[in-house]
Amino acid sequence: MKFTIENIKAEHQKVKSGADFPQYIQAIKALGVSHYKAYVSDGNTEYFNTHNQSVQTGKKYEALPISDILNLENFKIRLKLHQQGGTDYITFCKDCAENGINGWTMDLHAMTCTYFDQNETDVLTEQVPG
């Protein structure tokens, strides 16, 4: 595998807000990441290469309870605020949890981010600038 979790963490440390996200995506794509899946409950993220080999970050913070009730409209408002640089990563994760978002999958080839709920049902897909 071309990348390590340390390579990814080094790139992630450069991200201060959602506004920095497109540069982060380009950087990890250059490392050989094809897609990744992030879980809001504990921050664990699994990064995959094109051969479906993966590395995981493991738990990043104390467990966040994910709401059983999906509030997609409120989530979209909080997501936009985050994308404009209005919140940091942990605040965004708390916003996800409170609105029933269990995580997201990033496809670095299609440049899409798909958010999913407690049942891992896709609820919102966005095109990522970059």
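Data for the structure
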read-out: Candidate set: the range 114-130, residues that are β-branched (Val, Ile, Thr) and open to solvent by less than 40 Å² (accessible area, probe 1.4 Å); chosen: the one nearest to LYS29 (Cα to Cα); value: VAL128
read-out: Hits in the range 32-87 - residues which are in contact with a Gly (Cβ under 7 Å, 6 or more places away or on another chain), open to solvent by 30 Å² or more (accessible area, probe 1.4 Å), modelled with pLDDT of 95 or more and polar (S, T, N, Q); value: SER67, ASN71
read-out: Residue satisfying all of: in the range 96-113; assigned to a strand (DSSP E or B) and open to solvent by 20 Å² or more (accessible area, probe 1.4 Å); nearest to PRO65 (Cα to Cα) among these; value: THR105
read-out: Among the candidates TYR24, TYR61, residue that is assigned to a helix (DSSP H, G or I), on the phi < 0 side of the Ramachandran plot, among the aromatic types (Phe, Trp, Tyr) and without any contact (Cβ under 8 Å) to a residue 40 or more places away in the chain; value: TYR24
read-out: Flag for LYS9 being out of contact with any Leu (no Cβ under 9 Å at 6 or more places or on another chain), more than 20 Å from GLU126 (Cα to Cα) and either modelled with pLDDT of 95 or more or not in a loop (DSSP other than H, G, I, E, B) (or both); value: yes
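Okay, residues lined up against (1) in contact with a strand residue (DSSP E or B) (Cβ under 9 Å, 6 or more places away or on another chain); (2) of a type in the set (D, E, K, R):
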{"site": "GLU11", "(1), (2)": "no, yes"}
{"site": "THR45", "(1), (2)": "yes, no"}
{"site": "LYS59", "(1), (2)": "no, yes"}
{"site": "PRO65", "(1), (2)": "no, no"}
{"site": "ASN74", "(1), (2)": "no, no"}
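The values are calculated or read from the model by the stated rules, or taken from the named source; none is laboratory data. This is a predicted model, so every value here is computed, not measured. Methodologically, a virtual Cβ is constructed for each residue, glycine included, from the backbone with ideal geometry; neighbour enumeration extends over all protein chains shown. Quick note on the areas: whole protein, heavy atoms, side chains included, nothing else; ligands and nucleic acids left out. Shrake-Rupley method; radii C 1.70, N 1.55, O 1.52, S 1.80 Å.
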